Amino acid sequence: MEFSINAQPLEKVATGCLVVGVSEGARLSPSAKHMDQLSGRHISRLLKHGDLSPKPGRSLLLHGLPGVACPRVLLVGTGSDRKLSERDFRTVVRTAVQALDGTGAANALFCLTELGVEGRDEAWKLEQLVLTAREVSYRITRVADVQDPACTLKNVLLGTPETMKPAEARTLIARCQAIANGMALTRDLGNLPPNLCTPSYLANQARSLGRSWKLRVQVLEQRDMEKLGMGALLAVSAGSRQPPKLIVMQYSGAPKSRKPIVLVGKGITFDTGGISLKPAPEMDEMKFDMCGAASVFGTLRAVAEMGLPINLVGVVPTCENMPDGNATRPGDIVRSMSGQTVEILNTDAEGRLILCDALTYAERFGPDTIIDVATLTGACVIALGHEAAGLFANDEKLVRELQAAGDYMGDRAWPLPLWEEYQEGLKSNFADMANIAGRPAGTITAASFLARFTRSMRWAHLDIAGVAYKGGKDKGATGRPVKLFCRYLIERSGH
Ligand code: BES
Ligand code: MN
Ligand code: ZN
């Protein structure tokens, strides 16, 4: 899907459809009013007859509107007369794209940036329009022969935002396309079946990403991890036939002297629970246990395409969590790369085990900031549902920055505490720590485990168990939190 800025007056635009907003009380947006006049108040009459409920999410496609050259006009409800909420604005965009998908309109002019959104400016509307439209047009690439037809809407024209120069708008569009491309990659990787998306597959993906986007890519093999003493990571992969990988991807957009931001993503390509085997229902969804890793891939792709002036490193520990004769047992004690020993009481708490060694490894990049991202705990889904990622950091400012980035993008994260008191539950009689605490505050105790490995760094942790994918009839990866990361990195780059 391509986006461009419209410079033509409304009645002169050669496009398949004009998309305009209509609010309650039959109030017409400026463009809708314009067309209403051209058509001899046709739209007003239609609304009077009650043919469109102007709620966000509703729309009405009109053909051959008298006096209007464009073959179609799509009226989209925008709700009450006041400024739209952020959520409603996205709904309006989503509705418009969905309504046009499958019609003969391959091009359309979206007159939607003229709508007011509470607390947000022109740039925000433009960005959200592009990102939301791209998200709606995404299709799962099926491994089976049958493919869903692609979105038929190919070109979207956008009204020139009043306060913005066309060149500025074009830059924003290009940036959002890069972010959308990153999200699509994240979703593609997440959606792949676990028999194809193995640790080796991810390593090859990293290599090909490196070739396309000039990233320095390095893959550590099992023997390298053994030499480094990554006993925690190796304990997780011990029960699998698939060799583990530790993938490092480096993007250099700033002078070498500038400390990098490091993203560490959990890459469990399938989580059976290991010997602490998970119950059967919905176990297939544990193919999404590499969505943290996938979001690191997607963010690196986006940042490279945007060409941000920062240094960014992606570190992805990836393996399978399987039960076999060589699998780790509950009660086993391993030594992590940091030297700290861990009593593994539950082999299903494996994410923290691969992450702790990856975090220790990442220290060597001398990070300015290190952020790990993981589908870490079912408890996070209980706490925050599917709306927000759990957010932790050992630095208050970092919490605020990441939360603001998520708010801006509608890719939200919500802070949870990391008080020392929570460390109590991780005590072990046999090792420096256990890998689980009791049932209470499972998301926090998992984060507290990771905190023991990041004391020397400015660190944040995002638990994306509830937001990285959807279950049920909409089953699939969401591409979160690539938008949050991109916004944070754009802000950090000072642009
Ligand atoms: N990958 C799971 C977490 C998860 C659960 C993600 C549900 C998405 C949906 C993780 O490895 C796990 O199994 N965590 C355990 C931890 C427990 C054993 C302390 C959990 O949440 O049950
Ligand atoms: Mn698990
Ligand atoms: Zn897991």
Original post:
Among the residues of the range 251-279, which ones are away from ligand 3 (no atom under 16 Å from the Cβ) and more than 20 Å from the chain's Cα centre (by Cα)?
Top reply: SER252, GLY253, ALA254, PRO255, LYS256, SER257, ARG258, LYS259, PRO260
Original post:
Residues in the range 244-266 that are open to solvent by 30 Å² or more (accessible area, probe 1.4 Å) and out of contact with any Asp or Glu (no Cβ under 7 Å at 6 or more places or on another chain): how many?
Top reply: 7
**OP:** Mind listing whichever residues of the range 277-289 are within 10 Å of ligand 1 (Cβ to nearest atom) and either under 18 Å from ALA374 (Cβ atoms) or basic (Lys, Arg) (or both)?
**Re:** LYS278, GLU285, MET286, PHE288, ASP289
Original post:
Regarding ALA108, is this residue in contact (Cβ under 8 Å) with a residue 24 or more places away in the chain, more than 27 Å from LEU131 (Cβ to Cβ) and open to solvent by less than 60 Å² (accessible area, probe 1.4 Å)?
Top reply: no
Subject >> Every residue from the range 454-495 that is out of contact with any strand residue (DSSP E or B) (no Cβ under 9 Å at 6 or more places or on another chain) and closer than 19 Å to ALA362 by Cβ >> reply: ARG455, SER456
**OP:** Out of ALA184, ALA232, ALA254, report the one residue that is within 16 Å of ligand 1 (Cβ to nearest atom) and among the aliphatic types (A, V, I, L, M).
**Re:** ALA232
Original post:
Residues of the range 339-355 being buried (at least 23 other Cβ atoms within 10 Å of the Cβ) and away from ligand 3 (no atom under 14 Å from the Cβ), which ones?
Top reply: VAL342
Original post:
Which one is farthest from LEU52 (Cα to Cα), of the residues in the range 69-96 that are out of contact with any Ser or Thr (no Cβ under 8 Å at 6 or more places or on another chain) and in a helix (DSSP H, G or I)?
Top reply: GLU86
Original post:
If you take the residues in the range 1-50 that are in contact with a strand residue (DSSP E or B) (Cβ under 6 Å, 6 or more places away or on another chain) and of a type in the set (D, E, K, R), which one is least open to solvent (accessible area, probe 1.4 Å)?
Top reply: ASP36
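Working carefully through the options LYS427, LYS397, find the one that is assigned by TED's automatic domain parsing to the domain that holds THR299, farther than 30 Å from THR132 by Cα and of a type in the set (Lys, Arg).
LYS427
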**OP:** Could you tell me which residue of the range 427-475 is farthest from ligand 1 (Cβ to nearest atom), considering only residues that are more than 25 Å from GLU401 (Cα to Cα) and not in a loop (DSSP other than H, G, I, E, B)?
**Re:** LYS473
**OP:** Quick one: which residue in ALA383, ALA379, ALA389 is within 16 Å of ligand 1 (Cβ to nearest atom), crowded, with 24+ Cβ neighbours inside 10 Å and not hydroxyl-bearing (Ser, Thr, Tyr)?
**Re:** ALA389
Original post:
Residues in the range 376-398: is at least one among the basic types (Lys, Arg) and more than 25 Å from the chain's Cα centre (by Cα)?
Top reply: no
**OP:** May I ask you to list the residues in the range 159-173 that are among the aliphatic types (A, V, I, L, M) and either free of Cβ contacts under 8 Å to residues at least 12 places away in the same chain or assigned by TED's automatic domain parsing to the domain that holds SER29 (or both)?
**Re:** ALA167
**OP:** Quick one: which residue in PHE453, PHE430, PHE449 is open to solvent by 40 Å² or more (accessible area, probe 1.4 Å) and more than 22 Å from ALA180 (Cα to Cα)?
**Re:** PHE430
**OP:** Any residue in the range 362-374 that's within 16 Å of ligand 1 (Cβ to nearest atom): show its pairings with residues that are modelled with pLDDT of 95 or more and among the polar types (S, T, N, Q) at Cβ separation under 6 Å, as long as the two are six or more apart or on different chains.
**Re:** VAL373/SER295
Original post:
Out of (1) assigned to a helix (DSSP H, G or I); (2) touching a strand residue (DSSP E or B) at 6+ places or on another chain (Cβ under 6 Å); (3) open to solvent by less than 10 Å² (accessible area, probe 1.4 Å), what's the single condition that is false for VAL313?
Top reply: (1)
**OP:** Collect the residues in the range 362-376 that are part of a helix (DSSP H, G or I) and open to solvent by less than 10 Å² (accessible area, probe 1.4 Å), keeping them in residue-number order.
**Re:** ALA362
**OP:** Scan the range 416-426 and give yes if some residue there is touching a residue at least 40 places away in the same chain (Cβ under 8 Å), touching a strand residue (DSSP E or B) at 6+ places or on another chain (Cβ under 7 Å) and not in a helix (DSSP H, G or I), otherwise no.
**Re:** no
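The values are calculated or read from the model by the stated rules, or taken from the named source; none is laboratory data. No experiment lies behind these values; they were computed from the predicted model shown. Note: ideal-geometry Cβ built from the backbone for every residue, glycine included; neighbour counts use all protein chains shown. We work out accessible area using only protein heavy atoms, side chains counted, and drop any ligands, DNA or RNA first. Shrake-Rupley method; radii C 1.70, N 1.55, O 1.52, S 1.80 Å.
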